[in-house]
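Report on the structure given below.
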Amino acid sequence: MLSEKTGIHLSIDQGVRLAPILTNETEIGGVRLIDEQVRYSLRFKPEDIAAVRKASQLDLPANIGMSSIKGGQLVLRLGPDEWLLISDLSRALALKQTFATLSSKFTCSVVDISHRNLGFIVHGENAENILNTGCPLDLSLHVFPVGKCTRTVYENTEIILLRKAEHEFHVEVWRSFAPYLSRFFETSVTDKAQIRMGARDDK
Amino acid sequence: MLLIKCPYCEEERPEIEFSYAGEAHIVRPTDPSKMDDTAWAEYLFIRDNTRGVHYERWYHIHGCARFFNAVRDTISDKFIMTYKMGLPRPADVEIAKVKE
Amino acid sequence: MKNFRKTGRGRIRRARLISFTFDDRQYQGFVGDTLASALLANGVHLIGRSFKYHRPRGFLGAGSEEANALVTFDRGPGRVTSNVRATTLELFDGLVAYSQNNYPNLKFDLGAINDIFSMMFPAGFYNKTFMWPKSFWDKVYEPVIRKLAGLGPAPTEADADHYASLYGHCEVLVVGAGPAGIAAALAASEKGDRVILADEQNELGGSLLSNPEARIDGQLAWQWLDKSLETLWLRKNVTLLSRTTVIGYYHDNFLGLVERLTDHQGDINPASPRECLHRIRAGKVILAAGAIERPLVFAGNDRPGVMLASAAQTYLNRYGVAVGDNVAVFTSHDSAYETAFDLSDAGVKISSIIDLRADVSEILLQQAHERGIAVLTGTVVCGTKGRLRITGVRVAKFQNQKVSNGTEHIACDCLLMTGGWTPSVHLFSHSKGSLKWQDDIGAAVPDMANENTLSVGACNGTFGLSAGLEEGSIAGGGGNPFRTEETEFGTGQTWQTLPTNRDPSRIKAFVDFQNDVTEKDINLAVLEGFKSIEHVKRYTTTGMATDQGKTSNLNAVQIASKAIQIPVQKIGLTTFRPPFTPTSFGALVGHRADDLFDVTRKTSIDGWADDNGAVFEPVSLWRRARYFPQGNEDMHAAVARECKATRNELGIFDASTLGKIEVVGPDAAKFMNLMYTNPWTMLAIGRCRYGLMLHEDGYIMDDGVIGRLADDRFHVTTTTGGAPRVLRMMEDYLQTEWPDLNVWLTSTTEQWAVIALNGPHARKLLEPFIDGIDLGPEAFPHMAVREGTIFGVETRLFRVSFSGELGFEINVPAHYGRALWEKLFNAGKAYGITPYGTETMHVLRAEKGYIIVGQDTDGTITPDDAGMSWAIGKKKPDFVGKRSLARADIQAPGRKQLVGLLTTDPNIVLEEGAQIVATPGQSVPMTMIGHVTSSYWSTTLNRSIALAVVKSGRAQTGSNIYVPMPEKTHEAKICATVFYDPKGERLNVV
């Protein structure tokens, strides 16, 4: 951002460098770091959902563990009174206004957590494998369908997981845990490239 | 690793998403200043440590982030039921029914 | 060297001869061999020395149940594994292995003297012998025991390999790929359910691999096997895992599987993990783990060349190896006849079949007769001959429960034994399923399951190919589509110790081969009063070796049952515990080694600190810059310089790790009043207050500066390490005690990078870069918070001080942290800006008497103990911990209170944690009245300072106390906790 007073530019640094093996586009896929995004934690009493939805024009999912995906904007319902909104920067100002209005009208909590989390896209046929290297959830499509989201764990990190497509997951993690998480992804992909676990012995 | 059904997520989830949070249905007195030292100590420190059916609290800390209650058999380690915070302690008959 | 390979038999790949080395001697074998089968093919039976008596031992089995054949597998530096079973070690070109537990060599082992003096090593030998004197433990007993104990050498280098792990899920997990397991997998996978079929061996097939003559659906076993595996392989919903041992069965159908990936490969790919731990959650578990043949307990049953009959069958049919030229068979079960016939058909001489039973099936006798094999029924082996290899057996007639005196010698170079079959119920037991005794097979079988699991085939006590296939298929949800033609599995008897015509006190009949436990040891344990099977196990160590008694447990239980005179059904089995077979630490660690062992949290400014030579220290999961040495500075010099610069000019500090919680909602102030000791209702918007948080027991839990941003919004800071537990406790009270409050909590620790500027020049540096905030001392007083922008980026700017100097804490969204730091640092050079770390921060705050929770408090310190009664909102009706502060013992006099200490010798820096006494020279134990909590050299004051907790300390201000240390007792005077600028005037610098 550029300062009016000083004219000096402050640069953004998300603090993660992905290993080439993750970013190389291969047929089995890999991991991308998502550029800076806008994130809000939105909290209100579940009984207000219809009213808040109307007032905010936000597509708030009705069930815990479900999400809405519209353009560059995701809304995840993580708990009974908790929604996470993630959007690309183009909507930053509009969202700021929306939430200012919302805060004045409803009993709720809006907290900007844009820089608290980093987002990764884990994609490709190998995506489930990368995630199941550290995440204990059953990620098969019939158990964890497209649109499902949840907070969970990946080894020693807490993550938020959203399935955007059969072979595409959005992973949110707190900033300082991101390098550890991406190193874990890296090991998973490296090992996968080296071995075929469960493969039949060629005679 | 146990599977625990979170009553808010309405799903069975792996134990490592949860954190144990002590015995359930111990209500903080509304006016602690009115209590004598013995009664306060009772509230603060004394727990049942039941062998068998135990009422306890769990925290879905790496999930929906809600505290909830559970009935668990401390001998078999099996969860008999889980229920939302604020709901009354299930009666013995309800527990027996679920156990069936 | 004679070759024991039989043409036309086995599944080894004869196309390629490969070389391997055992005890520095080179041998040859084939791909498909195990080390055991390849050695046997070369006529080598002597494989190791036993644990206690150093008796020569040979191969007992052919699989993971092996008790004797433990070797050291050497793949070079960092890849030496001891106690590997030669029977499961797959052969590859260039394999190197060594025998263990012998000196100077395998054939002549000095340790064997233990065998001669074995009467000195009865059960409980260690417990009885190394009792006293106590002083002998460190210097004599322990070193000696350590030298004698154990088998293979411990590794001397770090593991050169790495390991993988993976979570997996399936509807059905089938454990064991024998016929029952394959039938189960075929049926279970038919409708698309995810099925995992795991087997510990390199090839799937289980008993079929040793039994090529069996016929299923008109096909020979191996044809049926190939076809079935092909079917499974082609189903996308099926995962076949060979070389994969299910090591443990845990709650709710969670199982640990270790897949071995490289141990069988001649050329190691160092990039490949050695093993992968699969953590599988299964809907249903079908256990098809098979059964293990049971040895017979008779004198000399451990001599090299004495082996389980089923092992000999496996060596012959799977590896094409005859275990001898002249083989005797000793049995109490029909199944041994099959092995004898297979060997005979392969051209091996069967010297005789010695059967304990008087009545043996006519069909078997007829078949033996046809092959010219002598069968001695009602006969028992009373002893064996041969030193490094069996040369013969002594047999005697056993009739009407009596063994005749006359013995006959039968020459043989191998003795096969069958004492019955033990279903592998290990995993079923891990899952807390109960067992029941089944008398006809003399073994325990699964009874009530505790998980959604079914046992099928031999592990369920269901023997025979046809029955196993049917049980497996039905368990998998299918019918029984298989037709089989097989030799009937037959029946048998199980025995404890076998009858003998020799003096039982003079013979060694082994029960547990790996731990060298004899039948005598078990009887002795019972005689000495051990009546519980668990006690007998621990006293004799039977079943406690690395094989966990796979071949010995049932014999031991039955011998103990007889000795204790409690029926075996009632005596119970010892507990089976994971892992099923020895498991590498690496597999359990998985990926979590080195930098993945745990998270190291780094702030957005950490990279700058790293680039600028910071020395780091861990603070909870964070790593923080401790100090920034210049040139050859040590910590002392660096900290002195950093302190001086901050007091006199300007210091810059990364405070990003401070925990932050945003408390938002109309009831925010009400909630804060309940959670913190301080009053919050009247705190004006834009002002800050120091907050103190107690546990409900009244002791200090956390503290931090809290700013009010709006009526309904507080920016709460916590200690670095306390952030998670503060949030958790807040959530706990909010959700469970005060759910009606309209307030929400959001962790914002990582949203904000926090840069602290401390020192007289702080305002001057900051002012030009700030928009929207008047930094003037009146407009922006100490303990205030403002929102504006810095370099155009939104900021929450706090005027606070943890150093006593004019201070600002600049919060900016985290991704801007480093850029802002660099701008401020560069601009700050004009003011002599100096980066400082946590060590300087500690000194500066101690000079001001500010506590650090967890250092100056220890979970037993109340606000009054810490001299912070001022932080308590006296008028508040309630807050967490308030009631406890009124408890009698919290009010009682004589509590430890936080005070300052000034040593009489200003150069002495006391040791943190040192104990304090009232008078010097007391006799030991002295009466301790407190301890030092913080202690530093203060450059500012040019002397040492310390904080301490001392009983009734505040009332003793001005008195001397003493700190006895090994070299000297130090004297110090109790003083106030604020050492520097007690009036706080330095905060007001303009």
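The values are calculated or read from the model by the stated rules, or taken from the named source; none is laboratory data. Quantities reported herein were computed from a predicted structural model and do not represent experimental measurements. Positions of Cβ are generated from backbone atoms using ideal geometry, with glycine treated the same way; all protein chains shown enter the neighbour counts.
Going through the range C:498-552 one residue at a time, which ones are surrounded by 24 or more Cβ atoms within 10 Å (Cβ to Cβ), without any contact (Cβ under 8 Å) to a residue 60 or more places away in the chain and of a type in the set (S, T, Y)?
Across the range C:498-552, the qualifying residues are C:T518, C:T542.
Working only within the range C:579-592, note down all residues that are among the hydrophobic types (A, V, I, L, M, F, W, C) and over 14 Å from A:G134 (Cβ atoms).
If we filter the range C:579-592 for residues that are among the hydrophobic types (A, V, I, L, M, F, W, C), which is where we start, we get C:580, C:585, C:587-589.
Passing the criteria: C:F580, C:F585, C:A587, C:L588.
How many residues are of a type outside the set (F, W, Y), part of a strand (DSSP E or B) and within 16 Å of C:E662 (Cβ to Cβ) when one looks only at the range C:694-734? Lay out the reasoning, then the answer.
Step one: of the range C:694-734, the residues of a type outside the set (F, W, Y) are C:694-698, C:700-713, C:715-732, C:734.
Going one step further and asking which of them are part of a strand (DSSP E or B), we end up with C:694, C:700-710, C:713, C:715-718.
Okay, now just the ones that are also within 16 Å of C:E662 (Cβ to Cβ), so C:704-710, C:713, C:715-718.
Selection size over the range C:694-734: 12.
Out of everything in the range C:811-836 that is more than 12 Å from every other protein chain (Cβ to nearest Cβ) and in a strand (DSSP E or B), what residue ends up being surrounded by the fewest Cβ atoms within 10 Å (Cβ to Cβ)?
So the first thing to find is which residues in the range C:811-836 are more than 12 Å from every other protein chain (Cβ to nearest Cβ), and the list is C:825, C:828-836.
Cutting the leftovers down to in a strand (DSSP E or B) gives us C:833-835.
Details: C:I833: 22, C:T834: 24, C:P835: 24.
Checking each candidate, the answer is C:I833.
Based on what the data block shows, is B:I61 surrounded by 15 or more Cβ atoms within 10 Å (Cβ to Cβ), β-branched (V, I, T) and at the interface with another protein chain (Cβ under 8 Å from one of its Cβ atoms)? So that I can check it myself, show each step before the final result.
On the way: surrounded by 15 or more Cβ atoms within 10 Å (Cβ to Cβ): yes; β-branched (V, I, T): yes; at the interface with another protein chain (Cβ under 8 Å from one of its Cβ atoms): yes.
Yes: the conditions hold for B:I61.
Which one of these does C:R725 not meet: (1) away from chain A (no Cβ under 14 Å); (2) closer than 21 Å to C:Y690 by Cβ; (3) buried (at least 20 other Cβ atoms within 10 Å of the Cβ)?
Condition (3) is where C:R725 drops out.
Confirm whether A:E166 is within 23 Å of A:I69 (Cβ to Cβ), surrounded by fewer than 20 Cβ atoms within 10 Å (Cβ to Cβ), at pLDDT 95 or above and more than 8 Å from every other protein chain (Cβ to nearest Cβ). Lay out the reasoning, then the answer.
On the way: within 23 Å of A:I69 (Cβ to Cβ): yes; surrounded by fewer than 20 Cβ atoms within 10 Å (Cβ to Cβ): yes; at pLDDT 95 or above: yes; more than 8 Å from every other protein chain (Cβ to nearest Cβ): yes.
Yes, satisfied.
Which one of C:R294, C:R281 is crowded, with 24+ Cβ neighbours inside 10 Å and on the phi < 0 side of the Ramachandran plot?
Details: C:R281 fails: crowded, with 24+ Cβ neighbours inside 10 Å.
Just a single option satisfies the conditions, and that option is C:R294.
Of the residues that make up the range C:871-890, is at least one crowded, with 19+ Cβ neighbours inside 10 Å and either under 25 Å from C:H636 (Cα atoms) or polar (S, T, N, Q) (or both)?
Yes: one or more hits.
Being assigned by TED's automatic domain parsing to the domain that holds C:L465, without any contact (Cβ under 8 Å) to a residue 60 or more places away in the chain and in contact with a strand residue (DSSP E or B) (Cβ under 8 Å, 6 or more places away or on another chain): is that true of C:L229 here?
Numbers: assigned by TED's automatic domain parsing to the domain that holds C:L465: yes; without any contact (Cβ under 8 Å) to a residue 60 or more places away in the chain: yes; in contact with a strand residue (DSSP E or B) (Cβ under 8 Å, 6 or more places away or on another chain): yes.
Yes.
Quick check: is even one residue across the range C:760-779 within 47 Å of the chain's Cα centre (by Cα) and at pLDDT 95 or above?
First pass over the range C:760-779, keeping only residues within 47 Å of the chain's Cα centre (by Cα): none.
So far as the range C:760-779 goes, no, none of its residues is within 47 Å of the chain's Cα centre (by Cα) and at pLDDT 95 or above.
Given the criterion more than 8 Å from chain C (Cβ to nearest Cβ), within 20 Å of C:E737 (Cα to Cα) and of a type in the set (S, T, Y), identify the matching residue among B:T30, B:T38, B:T74. Can you show your working first?
Numbers: B:T38 fails: within 20 Å of C:E737 (Cα to Cα); B:T74 fails: within 20 Å of C:E737 (Cα to Cα).
None of the other options fit; the residue is B:T30.
C:E230: of a type in the set (D, E, K, R), within 30 Å of C:G8 (Cα to Cα) and more than 36 Å from the chain's Cα centre (by Cα), yes or no? Break it down into steps so the answer makes sense when it comes.
Numbers: of a type in the set (D, E, K, R): yes; within 30 Å of C:G8 (Cα to Cα): yes; more than 36 Å from the chain's Cα centre (by Cα): yes.
Spelling it out, C:E230 is indeed of a type in the set (D, E, K, R), within 30 Å of C:G8 (Cα to Cα) and more than 36 Å from the chain's Cα centre (by Cα).
Please go through the range A:7-54 and give me each residue that is aliphatic (A, V, I, L, M) and over 16 Å from the mean Cα position of the chain (by Cα), ordered by number. Can you show your working first?
Within the range A:7-54, the subset aliphatic (A, V, I, L, M) is A:8, A:10, A:12, A:16, A:18-19, A:21-22, A:28, A:31, A:33-34, A:38, A:42, A:49-52.
Those that are aliphatic (A, V, I, L, M) and over 16 Å from the mean Cα position of the chain (by Cα): A:I8, A:L10, A:I12, A:L18, A:A19, A:I21, A:L22, A:I28, A:I49, A:A50, A:A51, A:V52.
From the list A:I64, A:I86, A:I69, pick out the single residue that is in contact with a Gly (Cβ under 8 Å, 6 or more places away or on another chain), modelled with pLDDT under 95 and within 30 Å of A:S188 (Cβ to Cβ). It would help to see each step written out before you state the result.
Details: A:I64 fails: modelled with pLDDT under 95; A:I86 fails: modelled with pLDDT under 95.
Criteria check complete, one pass: A:I69.
Going through the range A:104-129 one residue at a time, which ones are assigned to a helix (DSSP H, G or I) and within 12 Å of chain C (Cβ to nearest Cβ)? It would help to see each step written out before you state the result.
At the first step, the residues of the range A:104-129 found to be assigned to a helix (DSSP H, G or I) are A:104-105, A:127-129.
Passing the criteria: A:S104, A:E128, A:N129.
Out of all the residues in the range C:481-502, which are in contact with a helix residue (DSSP H, G or I) (Cβ under 8 Å, 6 or more places away or on another chain), assigned to a loop (DSSP other than H, G, I, E, B) and farther than 30 Å from C:K397 by Cβ?
Scanning the range C:481-502 gives C:P481, C:F482, C:E486.
When only residues in the range C:877-897 that are away from chain B (no Cβ under 14 Å) and more than 42 Å from the chain's Cα centre (by Cα) count, which is nearest to C:V726 (Cα to Cα)? Can you show your working first?
So in the range C:877-897, the residues away from chain B (no Cβ under 14 Å) come out as C:893-897.
From what's left, more than 42 Å from the chain's Cα centre (by Cα): C:893-895, C:897.
Values: C:P893: 30, C:G894: 30, C:R895: 26, C:Q897: 24 Å.
So, considering only residues that are away from chain B (no Cβ under 14 Å) and more than 42 Å from the chain's Cα centre (by Cα), the one nearest to C:V726 (Cα to Cα) is C:Q897.
Can you name every residue in the range C:568-592 that is touching a strand residue (DSSP E or B) at 6+ places or on another chain (Cβ under 7 Å), more than 10 Å from every other protein chain (Cβ to nearest Cβ), outside any helix (DSSP H, G or I) and not small (G, A, S)?
Answer for the range C:568-592, where residues must be touching a strand residue (DSSP E or B) at 6+ places or on another chain (Cβ under 7 Å), more than 10 Å from every other protein chain (Cβ to nearest Cβ), outside any helix (DSSP H, G or I) and not small (G, A, S): C:L573, C:P578, C:P579, C:F580, C:T581, C:P582, C:T583.
Starting from the range C:94-114, keep only residues that are without any contact (Cβ under 8 Å) to a residue 24 or more places away in the chain and not assigned by TED's automatic domain parsing to the domain that holds C:D23, then list their pairs with residues that are assigned to a loop (DSSP other than H, G, I, E, B) and among the hydroxyl-bearing types (S, T, Y) whose Cβ atoms are within a distance under 7 Å, requiring at least 6 positions of separation or different chains.
Listed by first residue and then by second, the contacts come to nothing, as the list is empty.
Evaluate the following for C:L709: is it surrounded by fewer than 23 Cβ atoms within 10 Å (Cβ to Cβ), within 12 Å of another protein chain (Cβ to nearest Cβ), within 15 Å of C:F798 (Cβ to Cβ) and in contact (Cβ under 8 Å) with a residue 60 or more places away in the chain?
So C:L709 fits the description; yes.
For the range C:788-800, check the following and say yes or no: at least one residue is at pLDDT 95 or above and part of a helix (DSSP H, G or I).
Looking through the range C:788-800, none of the residues is at pLDDT 95 or above and part of a helix (DSSP H, G or I).
Looking only at the range C:637-680, count how many residues are farther than 29 Å from C:D712 by Cα, of a type in the set (A, V, I, L, M, F, W, C) and part of a strand (DSSP E or B). Full working, then the answer.
Step one: list which residues in the range C:637-680 are farther than 29 Å from C:D712 by Cα, which gives C:637-653.
Filter once more, so that each one left must be of a type in the set (A, V, I, L, M, F, W, C): C:637-640, C:643, C:645, C:650, C:652-653.
If we keep only those that are part of a strand (DSSP E or B) as well, we get C:650, C:652-653.
Final tally of qualifying residues: 3.
Tell me which residues, restricted to the range C:791-842, are on the phi > 0 side of the Ramachandran plot and touching a strand residue (DSSP E or B) at 6+ places or on another chain (Cβ under 7 Å). Before the answer, list the steps.
Within the range C:791-842, the subset on the phi > 0 side of the Ramachandran plot is C:791-792, C:804, C:832.
Across the range C:791-842, the qualifying residues are C:G792, C:G832.
Of everything in the range C:593-614 that's surrounded by 15 or more Cβ atoms within 10 Å (Cβ to Cβ) and in contact (Cβ under 8 Å) with a residue 60 or more places away in the chain, which residue is farthest from the other protein chains (Cβ to nearest Cβ)?
C:A614
Somewhere in the range C:282-301, is a residue within 14 Å of chain A (Cβ to nearest Cβ) and outside any loop (DSSP other than H, G, I, E, B)?
Going residue by residue through the range C:282-301, those that are within 14 Å of chain A (Cβ to nearest Cβ) are C:282-283.
Right, trim to outside any loop (DSSP other than H, G, I, E, B) and you get C:282-283.
Taking every residue of the range C:282-301 in turn, at least one turns out to be within 14 Å of chain A (Cβ to nearest Cβ) and outside any loop (DSSP other than H, G, I, E, B).
Do we find a residue being closer than 24 Å to C:P739 by Cβ and crowded, with 16+ Cβ neighbours inside 10 Å anywhere in the range A:18-41? Full working, then the answer.
Initial filter on the range A:18-41 (closer than 24 Å to C:P739 by Cβ): A:40-41.
Then drop every residue that is not crowded, with 16+ Cβ neighbours inside 10 Å, which leaves A:40-41.
Yes: one or more hits.
Would you be able to say whether some residue in the range C:468-480 is part of a loop (DSSP other than H, G, I, E, B) and within 26 Å of C:L308 (Cα to Cα)?
Within the range C:468-480, the first condition is being part of a loop (DSSP other than H, G, I, E, B), and the residues that meet it are C:476-480.
Cutting the leftovers down to within 26 Å of C:L308 (Cα to Cα) gives us none.
No, because not a single residue in the range C:468-480 is part of a loop (DSSP other than H, G, I, E, B) and within 26 Å of C:L308 (Cα to Cα).
Within the range C:618-636, restricting attention to residues that are in a loop (DSSP other than H, G, I, E, B) and among the small types (G, A, S), which residue is surrounded by the fewest Cβ atoms within 10 Å (Cβ to Cβ)? Full working, then the answer.
Of all residues in the range C:618-636, those in a loop (DSSP other than H, G, I, E, B) come to C:620-621, C:628-634.
If we keep only those that are among the small types (G, A, S) as well, we get C:620, C:631.
Details: C:S620: 15, C:G631: 7.
This residue is C:G631.
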